[in-house]
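Readers should treat all values here as calculations from the given coordinates under stated rules, not as data from a laboratory. This one's a predicted model, so the numbers in the text were calculated from it and none came from an experiment. We place every Cβ from the backbone using ideal geometry, glycine too, and count neighbours over all the protein chains shown.
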Amino acid sequence: MRVSRLASLFVLVVLAGAVPVASAPAPELTFTSTQLNPVHEQEWARTTLLKGFEDETGIRVRFIGDLAGPYIDRLVAEARAGRGTVDVTGTLHGDFPLLVAEGALRDVADVLRQLEGRRDRTFIPDLVKAGQIGGMQAFIPWMQATYLIAAHKRALPYFPAGRNPQAMTYEDLLQWGENIRQATGERRLGFPAAPGGLYGRFLHGYIYPAYTGAQVKKFKSPEAVQMWQYLRRLWGVTHPSSFLYTFMHEPLLRGEVWVAWDHTARLLPALRERPDDFVVLPSPAGPRGRSFLAVIAGLGIPRHSPNPEGAARLIEYLTRPRTQVLTLQGVAFFPTVREAAGAVPTGGLKVMADGVAAQATARDARTALLPIGLGARSGEFVPLYVDTFTQIAVQGKKIEEVLAAQARRLEELYRAMNAICPPPDPPERPCRPE
Amino acid sequence: MAFPRQAMTIAERRLERPGLQFVRLRIDWLPYLLLLPTVIFLSAFFVYPMLQALALSVRGPDGALTWRYFQAMVGDTYFIGAIRNSLLLTAIVIPLQVTLALTIALLVHSRFRGHTTFLYVAAIPLGISDLAAGLVWLSIFTERGYLNMLLQGLHLVPRPLTFLTFERPLLLYGAIVATEVWRATAIVMLILVAGLQLIPREFFETAEVFGATGWRKLRHVTLPLLRPVLQTALIIRTILAFQLFATVITLAGRIVPVLAGEAYFQYTIYRNPHVASAYAVLIMGTSMAVTVLYLRLLRTPEEVARA
């Protein structure tokens, strides 16, 4: 008697839980992303970017920004459980191979075909190609970004005489910092070297290829040793609080730092607030050219997306030329469709766009790409470079010894994942530091 | 009955009195019933994740037992520094906090005019999260911060000083200690105030009758009677000190690595839950060891007599 009453209660509870699933899907989409994750960008995504879509379609979008770790765990867990709650997802190019390997994504080739069939947008072909992973179209290009230098105009008089800031070399940058230090007694160069900062990108994507011509292959080469000696000297003219900087726009606006290297989105707030005070310059060139990272973010649909049609609609909205211009203006991520690339921005954004163009079109420019194919161990790549920096520049250990030990870790990582070298390295698999 | 009365349990004694069996059944279940929500909560949110973390730290992808995550932890660039800093910060901060908290608690206990207002003001940092506290003190210590503004306003320095620099770890330590003392002294103080209020007034009055002065009253009446409460405060504070993380990250980045911070970075930056769990297990082990140490060192006289 009692058991049957309990059983009927249980059935009721289960039914009550199942009812919303059985009826038409609620007009809401869940959109997870590692991009637009800083608080002010999340706020912008909710109140500006996604509001346009909500007003147009009546579908509410729940935007969830997260760090890469928990973000990937969630998608992988949903794939393994065979039940999903995430409808659309956006992250960096380098995260997709792992998601594909885990079977966490749908092929979005049909969505791409539909979008191209509208004839109102032309995706940049290289970016579409970057999205072809593991025999499927894993993502649709969403946004692009890069890293470069923003400088306060106050710093320009100290730039090495007779040299051109638009074609700066690493020696120029060091001399610049040194000139400022001698003239003012302060160190005014700044790098985002806090744990949440993106200094690691500077190491593997900028200075390493500029000095050695490679990100991984020449990790412990004589050129690399030279580069680390240079970095030690550069650290000597860098603001000694740099280890606290996550977003360079903050020390730039405070006047603590005059010359800062960072991600476009993390410099923009300074340019927006005082567009007349700053210039944006291409990253410096080393003996092996002016290396810079092209960062690609893509949009994918999880395999168990509860509402793939809604997801496709949101992707259509986000890659529309008008939305892409809105994104450029809002958070300084650059368009992935040609039709939006022609839009002429104003104010601080124009300063930024000019700098980005100057960097990409410099005669000695070399594009580096984020490493891919490191799967579950992707997270270890960047810290390996930052830890090398900590040991050499902060703890003052011997360069050759540190490089030898860290190169062993790098080699083990690439061998274990059987991953290919990231450009500009030659496409070897597994990649191996010489 | 064959056995002496003292050996009987309460339930058996009740059995001797007919008519009370009904009551016995109801009363026996009540404590367990009341404990049940706590037990469920603790099992689901503490015991289970703790066991999971333990498993993550010693089990490889194939499920076999392995020490390699602990080896990876020990070989990590920041491991030695993290151990040293966690222990050192705990050793500096806790005595400062206890002394300061005891002083404030005694001050409040003296019931001077306005002591309640003072108590509330002194307890304010209790309501501020560690991250927020770190940010508050960061805005004081940066090159363009309040401290420099003050020093410059008073013409004590010609130009702003850089306090937070990797070149002077002592200053970094000082900033962290100042923040921690400001932020977490209040909890110790509140526990001690509560403890002081539990000491019956008669003890002090008796001491006065025998002519004890302020210092001797403190030494021979207050402190011994406060010992169990002090023990609790020390255990809580030390465990929390090993979990210290947000204030350190805010003020010193990873220049001053600490154990809890490394656990966090292993998970968020390196995406290695195994090594992160190894750090968590290490923190748990250290906290347990320190707790046992406190329990032994600060045993109250009755406990010593019983043991």
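Each 10 Å bin from zero holds the following percent of Cα-Cα pairs in the range A:26-129: 13, 38, 42, 8. Rg/Rh, computed from the Cα trace of the protein assembly as shown with Rh as the Kirkwood radius, has the value 1.04.
Given springs between every Cα pair under 10 Å in a Gaussian network model of chain A, which of A:Ala260, A:Ala183, A:Ala285 has the largest fluctuation? Sorting by GNM fluctuation, first place goes to A:Ala183. Per-residue mean of foreign Cβ neighbours for A:240-251 is 4 (Cβ atoms of other chains, 10 Å radius).
I need the shape label for the range A:302-376. Rule: rounded when a/c is under 1.5, else prolate if a/b > b/c, else oblate, with a, b, c from the alpha carbon gyration tensor. Oblate shape, in that a/c is at least 1.5 and b/c is the bigger or equal ratio. What is the Cα centroid distance between the range B:65-129 and the range B:232-290, reported in whole angstrom? Comparing the Cα centres of the range B:65-129 and the range B:232-290, I get a distance of 13 Å.
When the Cα centres of the range A:121-158 and the range A:60-79 are compared, how far apart do they sit, in Å? Taking the Cα centre of the range A:60-79 as reference, the centre of the range A:121-158 is 22 Å away. Taking chain A as the reference, fit the longest principal axis to its C-alpha atoms, fit the long axis of helix A:170-184 to the helix C-alpha atoms, and give the angle between the two in degrees, 0 to 90, nearest 10. Once rounded, the angle reads 70 degrees. Quick one: helix A:308-319 against the long Cα principal axis of chain A, what's the angle to the nearest 10°, folded into 0 to 90? Tilt relative to chain A: about 30 degrees.
Take the Cα of B:Met50, step 7 Å toward its Cβ, do the same at B:Trp29, and the gap between the two points is 2.9 nm.
Report summary: the helix-based calculation at 222 nm, which adds -39500 (n - 2.57) for every DSSP H run with n ≥ 4 and divides by the residues of the protein assembly as shown, gives -17000 deg cm²/dmol. Comparing A:Ile133, A:Ile149, A:Ile124 in a Gaussian network model of chain A where C-alpha atoms under 10 Å apart are linked, the largest mean-square fluctuation is found at A:Ile124. Helices of chain B meeting both criteria, an alpha-carbon length of 30 angstrom or more along the long axis and an average Kyte-Doolittle score not below -1.0, with helices taken as full DSSP H segments, are B:21-42, B:79-109, B:169-198, B:273-297.
Modelled spin labels at A:Asp276 and A:Asp126, positioned 7 Å past Cα toward Cβ, are 3.7 nm from each other. Helix A:264-273 axis versus longest C-alpha principal axis of chain A: approximately 80°, rounded to the nearest ten. Counted by Cβ distance under 9 Å from A:Leu198, the other residues give a net charge of +1, where Lys and Arg count +1 and Asp and Glu count -1. Taking a point 7 Å from the Cα of A:Arg163 along the Cα-to-Cβ direction, the residues of the range A:226-269 with backbone N closer than 20 Å to it are A:226-240, A:257-262.
Normalised by residue count, chain A yields a Cα convex hull volume of 170 Å³ per residue. As a length-normalised measure over Cα pairs under 8 Å and 6 or more apart, the relative contact order of chain A settles at 22 percent.
Each of the peptides A:301-309, A:330-338 was scored by the mean count of other Cβ atoms within 10 Å over its residues; in descending order, highest first, they stand as A:330-338, A:301-309. Applying Stokes-Einstein at 4 °C and 1.567 mPa s to the Kirkwood radius of the range B:148-307, computed over alpha-carbon pairs, gives a translational diffusion coefficient of 66 µm² s⁻¹. With all pairs of different C-alpha atoms in the average, the Kirkwood value for the hydrodynamic radius of the range A:200-254 is 12.5 Å. Note on the range A:347-434: Cα-only Rg and Dmax are 16.7, 48 Å. Within chain B, what is the longest stretch that has no trypsin sites (Lys or Arg not before Pro) placed in a DSSP loop and near at most 14 other beta-carbon atoms within 10 Å? It runs B:145-307. Overall dimensions of the range B:46-145, expressed as equivalent-ellipsoid semi-axes from the Cα gyration tensor (√(5λ), whole Å, largest first), are 41, 19, 15. Across chain B the C-alpha pair distances fall into 10 Å bins from zero in the proportions 5, 18, 23, 23, 17, 10, 3, 1, 0, 0 percent.
Beta bridges from DSSP with both residues in the protein assembly as shown: antiparallel share about 60 percent, rounded to the nearest 5. Centre-to-centre, using Cα atoms only, the range A:343-375 and the range A:209-240 are separated by 22 Å. The phi-based Karplus calculation (6.51 cos²θ - 1.76 cosθ + 1.60; θ = phi - 60°) puts the 3J(HN,Hα) values of the range A:206-212 at 10, 6, 4, x, 5, 9, 10 Hz, whole numbers, x for Gly and Pro. Summing Lys and Arg as +1 and Asp and Glu as -1 over all other residues whose Cβ lies under 15 Å from the Cβ of A:Ile59 gives a net charge of -2. Sites listed here are chymotrypsin sites (Phe, Trp or Tyr not before Pro) in the range B:75-146 whose DSSP assignment is loop and whose Cβ has at most 10 other Cβ atoms within 10 Å: B:Phe112. Comparing mean-square fluctuations of B:His115, B:His155, B:His274 from a GNM of chain B with C-alpha springs under 10 Å, the top value falls on B:His155.
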